[in-house]
Structure formats: structure tokens, C-alpha cells
Amino acid sequence: MASLKYELRSRLRRILLFAACLSLSSAVMAQSVTENTNPEPRILFRHATLVDGTGSGPRANMNILVQGERIVSVFADDAGPTVDTASATIFDLSGLYVLPGLIDSHVHLATPPHRRQAEAVLRRNIYGGVTSVRDMADDLRSVGELAREGLADEVPAPDIYFAALMSGPAFFTDERTALTTYGAKPGQVPWMQEVTDKSDLPIAVALARGTYASGIKLYADLTPGLAARITTEAHRQHIPVWAHATLYPAKPSEVVAAGVDVISHACLLVRESPTPVPRFGEPRGPADVDAFRNGNNPDLAPLFAEMARRGTILDATIWSFSAPPGTPPGPPPPGICDDEVGGAIVAQAWRAGVAISAGTDAIAPWDDPWPDLFSELVAMRIKAGMTPQAILKSATVIGARAIGREADMGSLTPGKLANMVVLSRNPLDDIANLRSITMTVKR
């Protein structure tokens, strides 16, 4: 009997202890819920002239209400808010212009990794109004850390979205692949994979996704059929595909037919001609670049019509083909595509209704205080003849599409991230007015 009473008392103590713990846990949970449901701070940007990134004209005396990271409401000041603004901190932007944060759709931050240079470029970008960049395949061990630190505001930087690379075997003789896979065998790491017709593509795509990549980049030594198979599998696993415009041997029209989302480098489109494209590593005859110089090449017309139909984006990178400082004046060697030819190709694509994103793929000298993107935007104006409104769209809403993040950025509309640039002069009058920046807002 005594033992039975002892056992009952022990059970009762356990029940009471469990109840006490449950009560404490509930109290802590309730406190946590209460803390987490406190509204995030609100900021009201008032009286701005809004250039919203959708392609519409500027709208004067507009207000933008932000809560936490996102835009809650955009409304005319004289119309009154549709949501509560009483508790908001107010920034008066009278006389200033507000546009979406700029997007550079082609950067390289770690080929090879160089921490101080990468941080300097990122700092120049964010203070110049670039709030997002697309890194087009590097050592993702380094890029991933930079992306995390930028997101956590541990370093001043745009948000970084990055690509894992896939290519045929011949590309991995390139010395850059050794620099970006240091400590491992080029082509045998998840962020830079060698693929062939025998590869297990579902596993290859899954490995690429495991790097936290935002997209898969196709570089070279890929046939049209293999490019299409990779793209189909990547899309099945809900990850976009970004590709060089020529994959040697796949020519531009075959790359587009493979279903990729973005093709890079206008100058690579000179391989869209009846001449067969050699494989990567084989001798390449000079391209007939003069046939593209007038901006009305007949071989490109059906390609651009198909790109416009599909919504395939051209990541132009005109500026990266300009002659570096110190180059003697005069025309480039025969068969070499430069920014003049690249600009003419982009002009033809733009007139045909192709979506153009603004990428750089180059780094300005260290003493240039402005983002590299500004050089590309100037090239789009001077070399391709695009209007300031079209250029801003390339660097905002189309850039967001190129990254696959159009639901989160690219325009100043409710629900999107509060990525904004504040200027003292109208960028629609002159794209150079981007240099009148007074403030960058990221998230």
C-alpha cells in the first residue's frame, strides 16, 4: 500500500510539473506572439515626383507609405491615404524625384575572389542607387557570404542574386574555372558543373539549387539539344536559366529555342548567321561584324521576333565591349565586335520589341565614384539610341524580370520591396541626372 501511495504521489508531482511547464511555455509563447505581432515601423515619403518604373510618365506630389521592408500604399497627396499614416515617420521629398532601385543584371564579384575589391564595388553601387545585382557565376562560397552580409546590413551592398554555372567539358580548361573552384576539381562542384548528354540532369539541377542560386547559367560547349534539356529540367524545378547568347556550338536562335529566360551579350549575336558555329575551343573565324553595323541585320530580324514573342530578355552589356582606357584610337581589328556594333544590335532588338536589361560585366576604374551601371546606361543612350524612359525600364522592371524577382522589385507598387532612389533632377530629361542622387532606400 505504501509503495502504491508513493507511486501515486510521484505521478502527481510529474503531472503538476508538466502542467507548470506547459503553463510557462504558453506564457512565453503568448509573449512571443505579442512581440511578433507588434506592427513594424512605418515611414511616409511625401510630396515626391514619382517615376514608378512601369513606363508611365512622372506623377507629381505623390506619397509612398512603407512598413518594414515593403511598400504599403502609393497615393496622391491630395487624395488622402487609404490606410493609417498617423504613426508614420515622415520624409518630405518636395522638389525631388523618386524611382525604383536600380538593378545591374550582370556583375562578377568573385572571379577570382577579391574581398576588398568586391566590397568597394558593392559600396559604390548601393550609394549610387543600385539596390540589386545579378552575379553571373563566380566562386559562390565567396559570393554567398557577401550576399548574406549585404542582406543583414553587415556591409553596405545591394541585394545579390547569383547563378550556378553549367557547361560542357571543354570550358573547364579555362583558367578562370580553376580560380573559382579553388581546392576542388573544375566542373565537379555544385556551383560550376560539367554536363554532358550522359549527366543526370535532375541531380545536377538540384545540386545547383542547393547553392541557393537564383538561376542557372549556361556558358559554353553545349549543343542545342543539351541546352534545351537542361532548361526544361531547371524550369521543372522552378529555377530560371540564363545563358550566353552563343554557346559554341549552339547559335543564338538555338539558345532562344531551348527556352532560356535571358541571353547575355549583344556582341555574341554576330554568330547568328548561316556560317556554322564552331565548338568551344575550336578555331573561330572572324565574324562579319560590318553586316551588323547598320542596326538592320536580316539574320537578326527573325531572332528578335521570336525573342519578343517568348519574352526572352537580352542582357545587352554594350559597355563591356568598349575599348579599355589607353587603347589607341581607330577601328578595332577585323571581325571584332565593339560597343558601336553591340549598340547597333541592341538598337535593332529594342525597335523589334525585345526586352533589354542593363548589365555591365565590367568594372570601372577605382577612382570613378559612380556605379558601373551608369556607364552601361550611357552606352544604351549613345550607342543604341534608347530613350531615357526605356533605359530606366531596362534598369528597373526588366532587370527585376531578368533576376526572376519581378514580384518583389522593379517598380514602386504596393507589396514590393521598398527599394528606391531619390534624385534632385528628372532622369527622364537626361539619363545623366541619375548623378543627382540624394538618397538610396533599400528594403
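Can you pull out the residues in the range 137-165 that are touching a residue at least 60 places away in the same chain (Cβ under 8 Å) and not in a helix (DSSP H, G or I)?
Passing the criteria: Ala137, Pro158, Asp159, Tyr161, Ala163.
Which residues, taken from the range 185-208, are surrounded by fewer than 18 Cβ atoms within 10 Å (Cβ to Cβ) and more than 18 Å from Ala170 (Cα to Cα)?
Asp200, Pro202, Ile203, Ala206, Leu207
Specify the residue that is nearest to Pro365 (Cα to Cα); the eligible residues are those in the range 316-344 that are aliphatic (A, V, I, L, M) and at pLDDT 80 or above.
Across the range 316-344, the extreme among qualifying residues is Ile318.
Determine which single condition Ser132 fails, assuming it passes every other condition in (1) in contact with an Asp or Glu (Cβ under 8 Å, 6 or more places away or on another chain); (2) part of a helix (DSSP H, G or I); (3) of a type in the set (Gly, Ala, Ser).
Checking Ser132 against (1) in contact with an Asp or Glu (Cβ under 8 Å, 6 or more places away or on another chain); (2) part of a helix (DSSP H, G or I); (3) of a type in the set (Gly, Ala, Ser), the one that fails is (2).
Taking the range 397-443 as the search range and keeping residues that are of a type in the set (Val, Ile, Thr) and either in a loop (DSSP other than H, G, I, E, B) or farther than 25 Å from Pro41 by Cβ (or both), which one is nearest to the chain's Cα centre (by Cα)?
Across the range 397-443, the extreme among qualifying residues is Ile403.
Residue check: is Ile356 modelled with pLDDT of 95 or more and part of a strand (DSSP E or B)?
yes
Looking only at the range 53-65, decide whether some residue is without any contact (Cβ under 8 Å) to a residue 12 or more places away in the chain and either charged (D, E, K, R) or open to solvent by less than 20 Å² (accessible area, probe 1.4 Å) (or both).
No, the range 53-65 has no match at all.
Please identify the pairs in which a residue from the range 225-236 that is modelled with pLDDT under 95 has its Cβ atom under 8 Å from the Cβ atom of a residue that is not hydrophobic (A, V, I, L, M, F, W, C), counting only partners at least 6 apart or on another chain.
Final answer for the pair search is none.
For Pro414, only one of the following conditions fails: (1) within 23 Å of Ile160 (Cβ to Cβ); (2) open to solvent by 40 Å² or more (accessible area, probe 1.4 Å). What is its number?
For Pro414, the exception is condition (1).
Which of the residues that make up the range 367-409 are open to solvent by 10 Å² or more (accessible area, probe 1.4 Å), touching a strand residue (DSSP E or B) at 6+ places or on another chain (Cβ under 9 Å) and either without any contact (Cβ under 8 Å) to a residue 60 or more places away in the chain or among the hydroxyl-bearing types (Ser, Thr, Tyr) (or both)?
Within the range 367-409, Ala390, Asp408 meet the criteria.
Quick one: is Thr312 under 23 Å from Thr360 (Cα atoms) and in contact with a His (Cβ under 6 Å, 6 or more places away or on another chain)?
Here the answer is no, as Thr312 does not meet what is asked.
Show the residue pairs meeting these rules: Cβ distance below 6 Å; 6+ apart or different chains; first residue within the range 304-322 and within 19 Å of Ser253 (Cβ to Cβ) and touching a residue at least 24 places away in the same chain (Cβ under 8 Å); second residue of a type in the set (Ser, Thr, Tyr) and part of a strand (DSSP E or B).
If the second residue must be of a type in the set (Ser, Thr, Tyr) and part of a strand (DSSP E or B), the pairs left are Ile313/Ser357; Asp315/Ser105; Asp315/Ser264; Asp315/Ser357.
Could you tell me whether any residue of the range 253-263 is modelled with pLDDT under 95 and out of contact with any helix residue (DSSP H, G or I) (no Cβ under 7 Å at 6 or more places or on another chain)?
No, the conditions are met nowhere in the range 253-263.
Has the range 228-251 got at least one residue that is basic (Lys, Arg), in contact with a helix residue (DSSP H, G or I) (Cβ under 9 Å, 6 or more places away or on another chain) and closer than 29 Å to Val346 by Cβ?
yes
The values are calculated or read from the model by the stated rules, or taken from the named source; none is laboratory data. Worth saying up front: this structure is predicted, and the values here are computed from it rather than measured. Reconstructed Cβ throughout: ideal geometry from the backbone, glycine too, with neighbour counts over all protein chains shown. Surface accessibility is based on the protein's heavy atoms, side chains included, excluding ligands, DNA and RNA. Shrake-Rupley method; radii C 1.70, N 1.55, O 1.52, S 1.80 Å.
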